[in-house]
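Everything on this sheet refers to the single structure shown next.
The values are calculated or read from the model by the stated rules, or taken from the named source; none is laboratory data. Quick caveat, the model's predicted, so the values are computed rather than measured. In this analysis, Cβ positions are derived from the backbone assuming ideal geometry, glycine residues included, and neighbour counts consider all displayed protein chains. Note: areas computed on protein heavy atoms with side chains; ligands, DNA, RNA excluded. Shrake-Rupley method; radii C 1.70, N 1.55, O 1.52, S 1.80 Å.
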Amino acid sequence: MDIFSFLVQTLNAVQYGLLLFLVASGLTLVFGIMGIINLAHGSFYMAGAYLAFGLTSATGNLLWAIVLGVPLAMAIGAALEALLFVHLYKRDHLEQVLLTYGLILIFEELRSILVGDDVHGVPMPDFLAGSIPLDDTLSYPVYRLAISVVCVGLAIGLYFLIQRTRLGMMIRAGSHDRDMVQSLGINIKLIYRVVFALGVVMAALGGMLAAPISSVAPNMGGQVLILSFVVVVVGGIGSVWGALIGALLIGFADTFGKVILPDFAGVMVYLVMAAVLLWRPEGLLGKG
Amino acid sequence: MSDIAMREDLLVARGLHTYYGASHILHGVDFSVKKGEALGLMGRNGMGKTTLIRSMMGLVRAAEGSVQVRGQEMRGAATHAIARRGIAYVPEGRGIFPNLSVRENLEMAARAGVDGQRNWTFERVMETFPRLSERLGNGGGQLSGGEQQMLTIGRALMTNPDLLILDEATEGLAPLIAREIWRIVREIRLSGIATVVVDKNHAAVSSITDRTMILVKGQVVYDGASEDFRARPELIQQHLGV
Ligand SMILES: Nc1ncnc2c1ncn2[C@@H]1O[C@H](COP(=O)(O)OP(=O)(O)O)[C@@H](O)[C@H]1O
Ligand SMILES: [Mg+2]
């Protein structure tokens, strides 16, 4: 592998990992703070991609689709929390898994009724459609670079929100002692709603950003969900920064696995997960 | 005393009954504390002091009775709504957030009081608890027991409450540190904030409170002036001695 193909693969790995992080961050936050295992989280990624498809068709531009899609995803997230997930906080994990698995089926059926079962594509914005030439034959698509930049921005924003704002302090405090937070006059239910909606928005944004480079298709949430769970477990359940490191690790394992050991590409990710868990059963940044 | 008797009620409970599952813990408790009043709540272990406080805070559901905060019925209301009517609760075991720094523990709680008062600012808490100002960057879990207690009291004050409830604030602290806590409680009381103090040390509690209440098996067996309580050692022997 020469230096430029190595560079291309590295950029691909980072971009893929960062996209996974968008989905996994919400999964790990909702699990770490509210204690909910949400199998339907991949559906929010799918919903994002379909929102991108529908809204890009309507407005003619992916950027408009994102501007409209984010508040829509937030509203959907808040409504789902208020109507369904709020009832799961005190239930055991089996009940959570059953309800959220049922939700996947409902979401897929809704998608089928609303948009049908065809595979769709979403055009990328014109100004991001070019590529950067690296040598005579290799070039790197500007859009993929843009995804990475946006994801890094979102990761920094999430870091700032959780580590530097009062809302972030309340969120962290709420993951430790819900009663105490309430006794200080803070509405923990509202905090939970915000966290859930935030997780939905991050996953949906992942789907929106990915729409132009991967087809918008039925069941697209499934694969992402499984990989996101791998990321969450590798990073340490509940740890957002663990999820970031885990996502990048999985991004590299998957991308370079396909290049270096094409015959084993399918298992590379799981080998990495097994190796990490043998070394640190609680995950990279887990609390044990 | 007579001065306090005429003040407005802050927190009043009437006929509270609370159960944990099938066990009946509170048997019709009447409780009240007025603006600026200092109340000592006493009773042996397991008599229901913590349960009474948690019932009034909405942290456990009282099956029967009423809880009024500043004249408004709050039984069944959310805990945060009750706290927002001017009550700060420092629980048994302190309730520090170990995953937040000392500074964050304080900042996350900051708000104006019910009447918009902002007497307690971060700076004033630092002046009151100089030891905390040296440990602002530490995690809440890294503090000693005494420092943690100062942190929870400081955090409660950041909400600018009208009433501060301290449940076993000196539990497990060395006598010297406990004395420091009592000094601070006295200072808080003098600043006009009403206090409810639960503690094993009846001498200390009755010396800094206006009124004393004793709970036995979920019932109020004594409710009188702390002066009167001090003059009746048989109360201690009968209801509080071990
Ligand atoms: N969460 C609980 N579940 C069941 N019983 C409890 C619980 N908390 C306290 N109790 C019981 O309720 C009674 C009163 O306890 P508590 O209010 O903590 O008393 P105190 O604060 O006066 O020591 C005790 O008998 C105790 O064992
Ligand atoms: Mg107690």
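What shape does segment B:68-121 have by the C-alpha gyration tensor, where a ≥ b ≥ c are the square roots of the eigenvalues, rounded means a/c under 1.5, and otherwise prolate means a/b greater than b/c and oblate the rest?
Because a/c hits 1.5 or more and a/b fails to exceed b/c, segment B:68-121 counts as oblate.
Please report, largest first and rounded to whole Å, the three semi-axes of the ellipsoid equivalent to chain A, where each semi-axis is the square root of five times an eigenvalue of the C-alpha gyration tensor.
Semi-axes (√(5λ), whole Å): 30, 23, 18.
List the residues of segment B:36-62 whose accessible area drops by at least 40 Å² when all protein chains are present, compared with their chain alone, using a 1.4 Å probe and counting only protein heavy atoms.
Residues of segment B:36-62 that lose at least 40 Å² of accessible area once the other chains are added: B:Leu59.
Would you work out which of B:Ala156, A:Gly42, A:Gln163 lies farthest towards the positive end of the dipole of the protein assembly as shown, given +1 charges on the beta-carbon of Lys and Arg and -1 on that of Asp and Glu, about the Cα centre?
B:Ala156
How large is log10 of I(q)/I(0) for segment B:105-242 at q = 0.17 Å⁻¹ when the intensity is taken from the Debye formula with one equal scatterer per alpha-carbon?
Listed by q, the Debye log ratios stand at -0.97.
Relative to the compact-globule scaling 2.2 N^0.38 Å, provide the ratio for the alpha-carbon radius of gyration of the protein assembly as shown.
1.19
What is the distance, in nm, between label points placed 7 Å from the Cα along the Cα-to-Cβ direction at B:His24 and at A:Leu138?
Here the modelled spin labels are 8.0 nm apart.
Before rounding to the nearest 500, sum -39500 (n - 2.57) across all DSSP H runs of length at least 4 in chain B and divide by the residue total; then give [θ] at 222 nm in deg cm²/dmol.
-8000 deg cm²/dmol
Report the Cα centroid-to-centroid distance between segment B:90-160 and segment A:1-46 in angstrom, as an integer.
Cα centres, segment B:90-160 to segment A:1-46: 37 Å.
Of all the accessible heavy-atom surface of the protein assembly as shown, with the other protein chains kept in place and a 1.4 Å probe, what percent is carbon and sulfur?
Carbon-and-sulfur percentage of accessible area, whole number: 60.
How much accessible area per residue does segment A:3-279 have, in Å², with a 1.4 Å probe?
Result: 44 Å² of accessible area for each residue.
Give the long-range amide H neighbours of B:Val216: residues separated by 5 or more places, or on another chain, with amide H under 5 Å away, using H modelled in the peptide plane at 1.01 Å from N.
It is B:Val221, by chain and number.
If you roll a 1.4 Å probe over the heavy atoms of the protein chains, what accessible area per residue do you get for chain B, in Å²?
Accessible surface, normalised per residue, equals 42 Å².
If a/c stays under 1.5 just call it rounded; otherwise compare a/b with b/c (prolate if a/b is bigger, oblate if not). Do that for segment B:22-99, with a ≥ b ≥ c from the square roots of the Cα gyration tensor eigenvalues.
Because its axes are fairly even, with a/c under 1.5, segment B:22-99 counts as rounded.
Hey, if we sort A:Trp64, B:Trp182, A:Trp279, A:Trp241 by accessible area with the 1.4 Å probe, largest down, what's the order?
Order by accessible area, largest first: A:Trp279, A:Trp64, A:Trp241, B:Trp182.
Take every residue in peptide B:109-117, count the Cβ atoms of other chains within 10 Å of its Cβ, and give the average of those counts.
Mean partner-chain Cβ count within 10 Å for B:109-117: 2.
Compute the semi-axes of the equivalent ellipsoid of segment A:148-282, taking the square root of 5 times each eigenvalue of the Cα gyration tensor, and list them largest first in whole Å.
32, 19, 13
Can you give the accessible area of A:Thr59 in Å² (nearest 10), computed on protein heavy atoms with a 1.4 Å probe?
So the heavy atoms of A:Thr59 present about 60 Å² to solvent.
Ignoring ligands and nucleic acids, what accessible area does B:Glu37 show with a 1.4 Å probe (Å², nearest 10)?
Roll a 1.4 Å probe over it and B:Glu37 shows about 0 Å².
At 7 Å along Cα-to-Cβ for each site, give me the label-to-label distance between B:Asn119 and B:Glu134 in nm.
Using points 7 Å along Cα→Cβ, the separation is 2.9 nm.
On a 1.4 Å probe surface of the protein chains, which of A:Thr56, B:Thr50 comes out largest in accessible area, and what is the full order?
B:Thr50, A:Thr56
Counting only residues 5 or more places away or on other chains, whose amide H sits under 5 Å from the amide H of B:Tyr89 once H atoms are built in the peptide plane?
B:Ile165
Between chains A and B, what is the buried accessible area in Å², counting both sides, with a 1.4 Å probe and ligands, DNA and RNA left out, to the nearest 100?
1800
Sort A:256-267, B:21-32, A:127-138, A:223-234 by packing, meaning the average of other beta carbons within 10 Å per residue, with the highest value first.
A:223-234, B:21-32, A:256-267, A:127-138
When the solvent-accessible surface of protein heavy atoms is calculated with a 1.4 angstrom probe, in what order do A:Ile33, B:Ile188, A:Ile213 fall, highest first?
A:Ile213, A:Ile33, B:Ile188
Quote the relative contact order of chain B in percent (integer), defining contacts as alpha-carbon pairs under 8 Å separated by 6+ residues.
In percent, rounded to a whole number, it is 27.
Restricting attention to the alpha-carbon atoms of segment B:4-240, what are Rg (one decimal) and Dmax (integer), both in Å?
Using the Cα atoms of segment B:4-240, the pair Rg, Dmax is 17.1, 49 Å.
In nm, give the distance between the simple-model label positions of B:Ser207 and B:Arg186, each being 7 Å from the Cα along the Cα-to-Cβ direction.
0.7
Across peptide B:80-91, what mean number of C-beta atoms from other chains lies inside 10 Å of a residue's C-beta?
Averaged over the peptide's residues, the number is 4.
Could you compute Rg(Cα) / (2.2 N^0.38 Å) for segment B:197-239, with N its residue count?
1.04
Mean-square fluctuation check for chain A, GNM, Cα pairs under 10 Å: which of A:Ile186, A:Ile36, A:Ile147 is largest?
With Cα springs under 10 Å in chain A, the top fluctuation among A:Ile186, A:Ile36, A:Ile147 is at A:Ile186.
For peptide B:154-162, what's the mean number of Cβ atoms from other chains within 10 Å of each residue's Cβ?
That average works out to 1.
Would you jot down the residues in segment A:187-209 that end up with at least 20 Å² less accessible area in the complete protein assembly than in the chain alone, with a 1.4 Å probe?
Buried on complex formation: A:Asn187.
Could you go through segment A:238-255 in sequence order and give the Karplus-derived ³J(HN,Hα) for each residue, using 6.51 cos²θ - 1.76 cosθ + 1.60 with θ = phi - 60°, rounded to whole Hz, and x for Gly and Pro?
My calculation for segment A:238-255 gives x, 9, 5, 6, x, 5, 5, 5, x, 5, 5, 4, 5, x, 5, 4, 5, 5 Hz in order.
Using alpha-carbon pairs under 8 Å, 6+ residues apart, how would you state the relative contact order of chain A in percent?
After rounding, I find 37 percent.
Going by alpha carbons, how many degrees (0 to 90, nearest 10) lie between the helix axis of B:145-157 and the longest principal axis of chain B?
Result, in degrees: 80.
Using only helices, what value at 222 nm comes out for chain A when you add -39,500 (n - 2.57) per DSSP H run of length 4 or more and divide by the total residues, to the nearest 500 deg cm²/dmol?
Mean residue ellipticity at 222 nm (helix-derived): -25000 deg cm²/dmol.
Each residue of segment B:31-37 in turn: what ³J(HN,Hα) in whole Hz from Karplus with 6.51, -1.76, 1.60 and θ = phi - 60°, glycine and Pro shown as x?
For segment B:31-37, the Karplus curve yields 9, 8, 9, 9, 3, x, 7 Hz.
List the residues whose amide H sits under 5 Å from the amide H of B:Leu11, counting only those 5 or more places along or on another chain, with H placed 1.01 Å from N in the peptide plane.
Those lying under 5 Å, H to H, from B:Leu11 are B:Val33, B:Arg70.
Once you've got the Cα coordinates, tell me which of A:Lys287/B:Lys217; B:Lys34/B:Lys217; A:Lys90/B:Lys34; A:Lys189/B:Lys200; B:Lys34/B:Lys200 are over 31 Å apart.
Cα-Cα > 31 Å for A:Lys287/B:Lys217; A:Lys90/B:Lys34; A:Lys189/B:Lys200; rest within.
Using the Cα centre of chain B as the reference point, and only Cβ charges (+1 on K/R, -1 on D/E), how large is the resulting charge dipole? Debye, rounded to the nearest 20.
That gives chain B a dipole magnitude of about 260 debye.
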